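Data block below; observations after.
The values are calculated or read from the model by the stated rules, or taken from the named source; none is laboratory data. Fair warning: this is a prediction, and the values are worked out from it, not measured in the lab. Virtual Cβ from ideal backbone geometry, glycine too; neighbours counted across all protein chains shown.
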Amino acid sequence: MADQVTLRWPVDNRIINRRFGEFPELYKQFGLPGHEGIDLYADHGDNIYAAADGRVSMAGHPNKHPYGMHIRVKHQVGSTAFETVYAHLSQINVQVGQQVKAGEVIGLADNTGNSTGSHLHLTLKITGKSTPGYPAGIVDPLPYLSGQVIGPPSPPTPTPDELTDLIVFPSDKLAFYSGPSKDAALWAFLTDGEPLRVMGNADQARQAIGKSDSLIKVKRRDGKEGWVVARFVRTTGGALPPTGLAVVPTVDGLNVRARPMVEAFSLGMVTPMDTLTVLGDEKVERPKIGQQLNWLNVKTPQGLVGYVAAWYVRAADAVSFGGPVMAFAPGGTAVKARVNTYLRKQPAPHSPRQQAIRRGDELIVISDPDDPPVQIGQKGDWVFVENSSGERGWVPSGALYLKK
């Protein structure tokens, strides 16, 4: 009987990022009525444990597979056969044909494959079972997970009504629910920067903040208690600080989204003419530039604050123009713009913009007669110029070429 199937938790916590059947519109493209498993919170490199005794039937990283690096384990309990799948891993510690025990470390967590952040995706297939709309055998794993958590014992869980010292802030317009479910009554939308006191288990909430779609209980300044989605709060008030790092889109019409996900609401669009200020910690954000399935929190020249797909931007200080050879030009020399750019107040990519320069616009190099000629076409250098309307400012040298 299927009732014999009992799974141990395959991670060191009980935080669920995404439940079975959620986001039907997202999974419609795959011919599924919703999410075909559950996503469990796990940082990069966290241990992944076998959920039951069994034999490894697959362990690898098939080309372009949405699960990325993953493991499949077949199990038999009495007359019931079932299979567990552990997806989006960074490392595999087992081999095909190997017998594993429940609680044995079989791999490490990551976000390989079709994933936007480190977590464990767990799929459960039970022979003879079915869920309408899903392939044969696929069922919701959650009812089969036992209460025992693998790993170090957890401290006593505080009651949901206990106030903690943890303060969080909405990342932007945030839904405030009456209960621990998105199906609960929506009481209000909370504004950016409003402080919220976390209630219940502060450590568990801290792990989920900014990463998990689970709901956490909070208390407002007016004393009203409710629930918010952990993924959309942060532990710093107001907007995140600018990094000093600037990026520009590599495509026209790039969406600035309210959340770091493709299905999130679009706040507006930006083009390769827009320089975006990256918010947060530069050491953390710079490696994301150009990387698939990563997102950057940015501020646009129009004042929008949101998220852009990191794989559709490049660093503004890493422009590669190519083209004509470099040449020296003294003051008074006429040059032309080879790409769309801007006059800037200072010779820096994140300096305030003054006026748009279009490809083919003619400019005059401005410098003291006693100064040596500037080099046109040199990546990383800046040139002080004057446009046809008499406005002066700095443009990247690599964006210019000598007028013939």
Inset, instruction - Kindly list, by first and then second residue, each pair from a residue in the range 183-202 that is under 16 Å from Arg231 (Cα atoms) to a residue that is modelled with pLDDT of 80 or more and among the aromatic types (Phe, Trp, Tyr), limited to pairs with Cβ atoms under 8 Å and residues at least 6 apart or on different chains. - result: Phe189/Phe176; Leu190/Phe176
Legend entry - Counted residues, the range 205-228 - those being in contact with a Lys or Arg (Cβ under 9 Å, 6 or more places away or on another chain) and more than 22 Å from Thr116 (Cβ to Cβ): 7
Inset, instruction - Taking the residues in the range 192-215 that are acidic (Asp, Glu) and closer than 19 Å to Ile16 by Cβ as candidates, determine which candidate is surrounded by the most Cβ atoms within 10 Å (Cβ to Cβ). - result: Asp213
Inset, instruction - Kindly establish whether Arg19 is surrounded by fewer than 21 Cβ atoms within 10 Å (Cβ to Cβ), of a type in the set (D, E, K, R) and without any contact (Cβ under 8 Å) to a residue 40 or more places away in the chain. - result: no
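Residues are listed down the side, and each one gets a yes or a no for (1) modelled with pLDDT under 90; (2) of a type in the set (D, E, K, R); (3) surrounded by fewer than 16 Cβ atoms within 10 Å (Cβ to Cβ):
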position	(1), (2), (3)
Leu32	yes, no, no
Ile38	no, no, no
Ala42	yes, no, no
Ala52	no, no, no
Ala59	no, no, no
Tyr67	no, no, no
Ile71	no, no, no
His75	no, no, no
Ser79	yes, no, yes
Inset, instruction - Could you please find all residues in the range 100-125 being surrounded by fewer than 21 Cβ atoms within 10 Å (Cβ to Cβ) and of a type in the set (A, V, I, L, M, F, W, C)? - result: Ala102, Val105, Leu108
Legend entry - Within the range 389-404, considering residues that are part of a loop (DSSP other than H, G, I, E, B) and under 17 Å from Lys345 (Cα atoms), the one nearest to the chain's Cα centre (by Cα): Glu391
Legend entry - Candidate set: the range 298-340, residues that are at pLDDT 80 or above and of a type in the set (Ser, Thr, Tyr); chosen: the one farthest from Ser388 (Cα to Cα): Tyr307
Legend entry - Residues being farther than 17 Å from Ala348 by Cα and at pLDDT 80 or above - total across the range 361-385: 6
Inset, instruction - Would you mind finding the one in Ala59, Ala81, Ala50 that is of a type in the set (A, V, I, L, M, F, W, C), within 24 Å of Ser212 (Cα to Cα) and outside the structural domain of Trp311 (by TED's automatic domain parsing)? - result: Ala50
